[in-house]
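Right, one structure below, let's go through it.
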Amino acid sequence: MGRYIGPLCRLCRREGEKLFLKGEKCYTEKCIFTKKGYPPGERKRAMMRKKLSDYAIRLREKQKAKRIYGVGEAQFRRYYEIASKKAGKTGEYLLQLLERRLDNVVYSMGFASSRRQARQLVRHSHFFINDKPINIPSYLVKPGDVIKVREKSKNLDVIHESLKKKRGPELPWLEVNKAKLEGRVISLPTKDMMPVKINEQLIVEFYSR
């Protein structure tokens, strides 16, 4: 199954919560979920009353994580397989892999208003890592990496407009210099440093069934 290309607000309504997929709009009164916070479709009210099975609850949590980070099913499963081979908590390492994606880091540093926008900027080679051009959104950053806006891209309005917007607290594993349009990865993110609300254990249970 390929990456979802339909209306993003529909995904939030399907999951029953804001996934903040459209950047600034999600924080305003224009947010569709604020007006229609129920599942889409003719049977939406029946679905709201229906009690979900354990399988459905786990599936929904997995789908929510995929949608937040904009990752397809095949790639998400690969992340899980990598995480399952590591010592420690599989779920937390899975989330760490997702957080370390370059498109997520560009978004988290404030250079893009959404992960989708960050993915586009990365693909168009607007960022360097350690002075080398990287246009792979799934590239995994590591401590010490320096992410810079490409010199020719420093006048892009979309980057400057995004930096003006406040989405939430700064993340302790990332350091950002807005004046220089660059940032640095200080450490690997731990669960308490991640702003997303995901029950990773449900995802582990889904794949372990």
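The values are calculated or read from the model by the stated rules, or taken from the named source; none is laboratory data. All values reported here derive from a predicted model rather than from experimental measurement. Backbone-built Cβ (ideal geometry, glycine too); neighbour counts: all protein chains shown. In case anyone asks, the SASA skips ligands and DNA or RNA and just uses the protein heavy atoms, side chains included. Shrake-Rupley method; radii C 1.70, N 1.55, O 1.52, S 1.80 Å.
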**Complete:** Percent relative contact order for the stretch 114-200, counting Cα pairs under 8 Å at least six residues apart, stands at 25
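On average, how much accessible surface per residue is there in the stretch 61-209, in Å², for a 1.4 Å probe, leaving out ligands, DNA and RNA?
Working: 7490 Å² over 149 residues.
Here the per-residue accessible area is 50 Å².
Listed here are the pairs Lys165/Lys191; Lys152/Lys180; Lys66/Lys191; Lys85/Lys148; Lys132/Lys191; Lys142/Lys197; which of them are more than 21 Å apart at the Cα? Numbers along the way, then the final one.
Working: Lys165/Lys191 25 Å; Lys152/Lys180 13 Å; Lys66/Lys191 17 Å; Lys85/Lys148 32 Å; Lys132/Lys191 29 Å; Lys142/Lys197 23 Å.
Long pairs (Cα-Cα over 21 Å): Lys165/Lys191; Lys85/Lys148; Lys132/Lys191; Lys142/Lys197.
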**Asked** When N counts the residues of the stretch 80-209, how does its alpha-carbon radius of gyration compare numerically with 2.2 N^0.38 Å, as a ratio?
**Response** 1.09
**Item:** Between the stretch 139-205 and the stretch 61-123, the alpha-carbon center distance in angstrom
**Value:** 12
**Förster radius 35 Å - calculated FRET efficiency between Lys51 and Leu188, Cβ distance, rounded to 0.05** = 0.35
**Prompt:** Once phi is turned into ³J(HN,Hα) by the Karplus curve 6.51 cos²θ - 1.76 cosθ + 1.60 with θ = phi - 60°, what whole-Hz value does each residue of the stretch 64-77 show in order, with x for glycine and proline?
**Reply:** 4, 4, 4, 6, 4, 8, x, 10, x, 4, 4, 5, 4, 5
**Prompt:** Going from most exposed to least, what order do Leu52, Leu156 have by accessible area with a 1.4 Å probe?
**Reply:** Leu52, Leu156
**Item:** Accessible surface of the stretch 60-209, 1.4 Å probe, proportion on carbon and sulfur as whole %
**Value:** 49
**Complete:** Note, the stretch 199-204: 3J(HN,Hα) by Karplus (6.51, -1.76, 1.60, θ = phi - 60°), whole Hz, Gly/Pro = x, goes 8, 5, 5, 5, 5, 4
**Request:** Taking the Cα centre of the stretch 73-149 as origin, sum charge times position over the Cβ atoms of Lys and Arg (+1) and Asp and Glu (-1), and report the length of that vector in debye to the nearest 20.
**Result:** 120
**Asked** Given +1 on the Cβ of Lys and Arg, -1 on the Cβ of Asp and Glu, and no further charges, what dipole in debye does the stretch 122-169 carry about its Cα centre, rounded to the nearest 20?
**Response** 140
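What FRET efficiency comes out for Asn135 versus Ala87 if R0 is 25 angstrom and r is the Cβ-Cβ distance? Round to the nearest 0.05. Intermediate values should be presented prior to the final figure.
Values: r = 33 Å, r/R0 = 1.30.
After rounding to 0.05, the efficiency reads 0.15.
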**Fill in**
Across 10 Å bins beginning at 0, the whole-percent shares of Cα-Cα pair distances in the stretch 77-141 come to 23, 46, 26, 6
